[in-house]
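The values are calculated or read from the model by the stated rules, or taken from the named source; none is laboratory data. Worth saying up front: this structure is predicted, and the values here are computed from it rather than measured. Cβ placement follows ideal geometry from the backbone for every residue including glycine, while neighbour counts extend to all protein chains displayed.
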Amino acid sequence: MSPANTTTHARKQKPTAKYHATHHHAVEARASDDRPYSDYGPASMQTPVLVLNASYEPINICGARRALVLVLKGVARAEEQQEAMLHAARIRMPMPSVIRLLEYRRIPHQTRALSRKNILLRDRNCCQYCGIVLTSAELTLDHVIPRSRGGQSTWENLVACCHNCNRRKGNQLLHELRDMKLAREPRPFSLHTSRHIMRLIGSADEQWKKYLFF
């Protein structure tokens, strides 16, 4: 091949290499900013996915969108898959049902931040006074010892509560009320609590059961 032809051939190769590099970075960028990848609706992208540690120990539940991000970034791999498929401009893959982290993560005993979402999750969206189960939007949080009487915002003093019970209780203490009591003693969100919730959510999913030790 003549020098002229070699130069022409090299010039033809550059756009291809550039295309692959650009495509690779585009996929990485889309993964890192957590954008949805599929033409499914938002609800489908929040389908629960079981997260395993590298040791196959179940450690969390995340939405399908987050699971896809972890897989595409090379942080995790899909161990089980749903029947649904992800369709996007340059990618087509099964939606994950169970993912496993590729590097072991040490999980401390207290793994969740104190937040409204986690209090409702711990209490399973159930009012801790009347026992009614409601959506997150229909629930509020109650300070068992009211803040006006020195109560703090802690795991042990916050519970899920419906608006009716919240109004009835007001700023009173439970021993001052005859017909209101807690369904269970509020405790921090422990690993045991997480496992119990995983089992509740995964009880109907055969793919989850072998990892949750039913």
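Yes/no matrix, rows are residues, columns are (1) of a type in the set (D, E); (2) over 17 Å from K117 (Cα atoms); (3) surrounded by 13 or more Cβ atoms within 10 Å (Cβ to Cβ); (4) touching a Leu at 6+ places or on another chain (Cβ under 7 Å):
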site: W155; (1), (2), (3), (4): no, no, yes, yes
site: N164; (1), (2), (3), (4): no, yes, no, no
site: Q172; (1), (2), (3), (4): no, yes, no, no
site: L177; (1), (2), (3), (4): no, yes, yes, no
Could we say that T135 is under 29 Å from E80 (Cβ atoms), without any contact (Cβ under 8 Å) to a residue 60 or more places away in the chain, among the polar types (S, T, N, Q) and out of contact with any Phe, Trp or Tyr (no Cβ under 8 Å at 6 or more places or on another chain) here?
-> yes
Identify, by number, the condition in (1) among the aliphatic types (A, V, I, L, M); (2) without any contact (Cβ under 8 Å) to a residue 24 or more places away in the chain; (3) not in a strand (DSSP E or B) that A78 doesn't meet.
-> (3)
Failed item in (1) on the phi < 0 side of the Ramachandran plot; (2) modelled with pLDDT of 85 or more; (3) not basic (K, R), with N125 passing the rest = (1)
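For region 193-211, what are the residues that are touching a strand residue (DSSP E or B) at 6+ places or on another chain (Cβ under 6 Å) and of a type in the set (A, V, I, L, M, F, W, C)? Spell out how you get there, then give the answer.
Taking region 193-211 as the starting set, the residues that turn out to be touching a strand residue (DSSP E or B) at 6+ places or on another chain (Cβ under 6 Å) are 198, 201, 207-208, 211.
Residues satisfying the conditions are M198, I201, W208.
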